[in-house]
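The values are calculated or read from the model by the stated rules, or taken from the named source; none is laboratory data. The shown structure was predicted, so the numbers you read here are calculated from the model rather than taken from an experiment. Backbone-built Cβ (ideal geometry, glycine too); neighbour counts: all protein chains shown.
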Amino acid sequence: MRVALGADHAGFPFKDLVREAIEGLGHTVVDCGTDSTDPVDFPDITQATCAPVLAGEADRAVLVCGTGAGAIMAANKIPGIRCGLANEPYSAHQAVEHDDANAIALGAWLAPRAFVPEIVREFLAATFDDDADTRRRVAKLNALDDLAPPAP
């Protein structure tokens with residue numbers, strides 16, 4: 001599997017730990033930045049990290065920021081990306097199995113370092129539970145993209 005990996009400046013100290021977990025499972029990392037703790041804007045890193053997934057150059061994406069909250073918000077605004085917050089292993093698995101996620105966000109300030117290999121393993125090993133219930137729910141998630149904002 002090819003996995004796009006991106007981190008903003010807050011997530012950068014966690015990036016090598018995530019990379020080691022991905023590569024330790026035999027997968028290839030597509031590095032999408034950043035390369036230091038110099039300030040960068042998480043929406044830019046999120047877009048750069050999700051772009052290879054949308055282009056078919058990566059199978060999934062892992063986003064790392066301080067809490068994961070900013071990255072998940074940015075990722076879920078990108079058409080074709082479904083991102084779950086995964087600061088522990090169960091959510092990493094469930095995001096794929098029940099919500100058809102192709103990306104996860106994790107928080108360098110919140111996810112315990114010891115959990116990172118298991119979070120990555122659960123995310124990359126999970127498959128979508130393609131039954132009628134999950135297909136119906138994912139279709140409803142997709143339909144939310146078509147909502148128009150209320151008139152003023």
Task: Answer from 10, 4 - the residue that is assigned to a loop (DSSP other than H, G, I, E, B), aliphatic (A, V, I, L, M) and either in contact with a Ser or Thr (Cβ under 8 Å, 6 or more places away or on another chain) or modelled with pLDDT of 95 or more (or both) - done: 10
Open item on the list: Which of the helices (runs of 4 or more DSSP H) found entirely inside the range 45-152 contain at least 1 residues meeting this: more than 21 Å from residue 24 (Cβ to Cβ) and touching a Leu at 6+ places or on another chain (Cβ under 8 Å)?
Closed with: 69-75, 89-99
Open item on the list: Return the residues of the range 43-65 that are under 19 Å from residue 100 (Cα atoms) and among the hydrophobic types (A, V, I, L, M, F, W, C); say none if nothing qualifies.
Closed with: 50, 51, 53, 54, 55, 58, 61, 62, 63
Open item on the list: Condition check: touching a helix residue (DSSP H, G or I) at 6+ places or on another chain (Cβ under 9 Å), farther than 16 Å from residue 62 by Cα and not polar (S, T, N, Q). Does residue 138 satisfy that?
Closed with: yes
TODO: Using the structure shown, decide if residue 49 is buried (at least 22 other Cβ atoms within 10 Å of the Cβ) and of a type outside the set (Lys, Arg).
DONE: yes
Task: Selected residue (criterion: farthest from residue 3 (Cα to Cα)) from residues of the range 86-110 that are touching a residue at least 60 places away in the same chain (Cβ under 8 Å) and more than 12 Å from the chain's Cα centre (by Cα) - done: 109
